[in-house]
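K.L.:
Let me give you the structure first, and then I'll get to my questions.
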Amino acid sequence: MKCACGGKAVYTRRYSGQIFCKKCFNNYFERKVHDTIRSQKMINRLDRVGIGISGGKDSTVLLSVLSKIAGKLEITLHPILIDEGITGYRLSGINAAEKTCKSLRLNLKMASIKDLAGSTLDELQELGDSKPCTYCGVLRRKLLNKEANEQKLDKLATGHNLDDEAQAIMMNYVAGDINRLHRLKGTATDSDLIKRIKPLNRIPEKEIMLYALLNKLEVASDECPYAGENHRTKIRDFINTLESDQPGVKHKIISGWEKIIETSTPEKKPMHKCKICNHPSSRKICRSCELTEEIKIKRKDATKEVAD
Amino acid sequence: MIVFVDGKKKDISKEDCRVCDLLEELGVNREAVVTVVNGEITVEETELSEGDEIKIISAVSGG
Ligand code: SF4
Ligand SMILES: [Zn+2]
Ligand SMILES: [Zn+2]
């Protein structure tokens, strides 16, 4: 099988019937990211764009493609890595991210959950009552907002891909959560200080992996020890089964969702300033401060027990 | 025909077997992987030959 240009085929895009060689695939991929940014009006000229990176394939691909088109878009890139403090997992991601940033001559800024909450994620999940992914998600978001604020960034880009979006949509359908369905659009929620953008949100995960492999990007592939089987992985497998039977289903999930959010309105929650950190929040005390405070108490109790 | 999948020997009974047939037989969803045959990334319609070495790389992430 050959690409239309005569080159050796590396990919069949079943939902459009096209066959690509490496060169044509790279061209298509980079143009697709550029088109997504333009059509969803994600970035303005002269924006300072933060990028949340983990060293995994999605954020590494995002960073390398954005660095290729940053000149054309007239933007600057500011990678940020959040160190959750997960033994046996985070280090390989940090190494990969450092190498990528060095090769692109970008300055990598790191921030850690330990600095924010006083404990690493490993310690938090031992001490606290919530699930590790709850601490991780809430505190990571908080840290990214904080960094974006300190670095005076205009946008914050994340590596969410088409599969992530389709999965989130299906999960929110199941829960009937209209507000979250709206929030997926990535416009700044009132509690974020910065507009979030997802330039890979129209590209399937498989194509992202292919781009990383074809271009030999430095990618960490370790799985987080807390990931495990969950509701999301089941939805993921279900959508992939649909897609292999009927190529194009993932894109249809997205276009169906776009129609639905057009005809519905999200609930407007009154906004407060968190009494502890002063950041905007729909609660009197924001979720991040609530978790951090809870941990402080647990930590005190634990030291007392040891002393007794 | 004998091929090697991620280093393990696999006997395929079928005469003509494409990468996608092999994935199906292994119960692997082609949407969730990238396949490498004899060191090169290839389309899943590629016909396999005796002794081919196939690597299946997962494209999906858990975290
Ligand atoms: S799976 Fe690991 S990295 Fe992902 S949210 Fe949970 S704890 Fe964080
Ligand atoms: Zn080509
Ligand atoms: Zn707060």
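The values are calculated or read from the model by the stated rules, or taken from the named source; none is laboratory data. Remember, predicted model here, so these are calculated numbers, not experimental data. Don't worry about glycine lacking a Cβ; one is built from the backbone with ideal geometry, like all the others, and counts go over all protein chains shown. Areas reflect the complete protein model, heavy atoms only, side chains present, ligands, DNA and RNA absent. Shrake-Rupley method; radii C 1.70, N 1.55, O 1.52, S 1.80 Å.
K.L.:
Which of (1) modelled with pLDDT under 95; (2) within 16 Å of ligand 3 (Cβ to nearest atom); (3) open to solvent by less than 30 Å² (accessible area, probe 1.4 Å) is the odd one out, the single condition A:G118 does not satisfy?
P.N.:
(3)
K.L.:
Suppose we keep only residues that are touching a residue at least 12 places away in the same chain (Cβ under 8 Å) and of a type in the set (K, R) within the range A:16-59. Which one would you say is surrounded by the fewest Cβ atoms within 10 Å (Cβ to Cβ)?
P.N.:
Here the residue is A:R45.
A quick yes/no check of all residues on (1) assigned to a helix (DSSP H, G or I); (2) in contact with an Asp or Glu (Cβ under 9 Å, 6 or more places away or on another chain); (3) open to solvent by less than 60 Å² (accessible area, probe 1.4 Å):
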| site | (1), (2), (3) |
| --- | --- |
| A:R196 | no, no, yes |
| A:R202 | no, yes, yes |
| A:E207 | yes, no, yes |
| A:S221 | no, no, no |
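K.L.:
Please go through (1) touching a Ser or Thr at 6+ places or on another chain (Cβ under 8 Å); (2) more than 16 Å from ligand 1 (Cβ to nearest atom); (3) closer than 30 Å to A:A96 by Cβ for A:E243 and return the number of the only condition it doesn't satisfy.
P.N.:
Against the list (1) touching a Ser or Thr at 6+ places or on another chain (Cβ under 8 Å); (2) more than 16 Å from ligand 1 (Cβ to nearest atom); (3) closer than 30 Å to A:A96 by Cβ, A:E243 comes up short only on (1).
K.L.:
Among the residues of the range A:127-149, how many are within 14 Å of ligand 3 (Cβ to nearest atom) and among the acidic types (D, E)?
P.N.:
First pass over the range A:127-149, keeping only residues within 14 Å of ligand 3 (Cβ to nearest atom): A:138-139, A:141-143, A:145-146, A:149.
Subset that is among the acidic types (D, E): none.
Selection size over the range A:127-149: 0.
K.L.:
So for the range A:230-237 (the condition being acidic (D, E) and within 16 Å of ligand 3 (Cβ to nearest atom)), does at least one residue qualify?
P.N.:
Taking the range A:230-237 as the starting set, the residues that turn out to be acidic (D, E) are A:237.
Narrowing further to those that are within 16 Å of ligand 3 (Cβ to nearest atom): none.
No: zero hits.
K.L.:
Given the condition under 30 Å from A:E126 (Cα atoms) and either part of a strand (DSSP E or B) or open to solvent by 20 Å² or more (accessible area, probe 1.4 Å) (or both), answer yes or no: does some residue in the range A:7-15 qualify? Please lay out each step first, then the result.
P.N.:
Filtering the range A:7-15 for residues under 30 Å from A:E126 (Cα atoms) gives none.
No, the range A:7-15 contains no residue that is under 30 Å from A:E126 (Cα atoms) and either part of a strand (DSSP E or B) or open to solvent by 20 Å² or more (accessible area, probe 1.4 Å) (or both).
Rundown of residues vs (1) away from every other protein chain (no Cβ under 14 Å); (2) more than 28 Å from A:L108 (Cβ to Cβ); (3) in contact with an Asp or Glu (Cβ under 9 Å, 6 or more places away or on another chain), yes/no style:
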site	(1), (2), (3)
A:G6	yes, yes, no
A:Y15	no, yes, yes
A:Q18	no, yes, no
A:V33	yes, no, no
A:D47	yes, no, yes
A:K57	no, no, yes
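K.L.:
Suppose we filter the range A:5-20 for residues that are within 13 Å of ligand 2 (Cβ to nearest atom) and charged (D, E, K, R); how many remain?
P.N.:
Applying the first criterion (within 13 Å of ligand 2 (Cβ to nearest atom)) to the range A:5-20 yields A:5-13, A:18-20.
When the remaining residues are screened for being charged (D, E, K, R), the result is A:8, A:13.
Residues meeting the conditions: 2.
K.L.:
Check off (1) of a type in the set (D, E, K, R); (2) touching a residue at least 12 places away in the same chain (Cβ under 8 Å); (3) more than 30 Å from A:Y28 (Cβ to Cβ); (4) within 14 Å of chain B (Cβ to nearest Cβ) for A:R236 and give me the number that stays unchecked.
P.N.:
(3)
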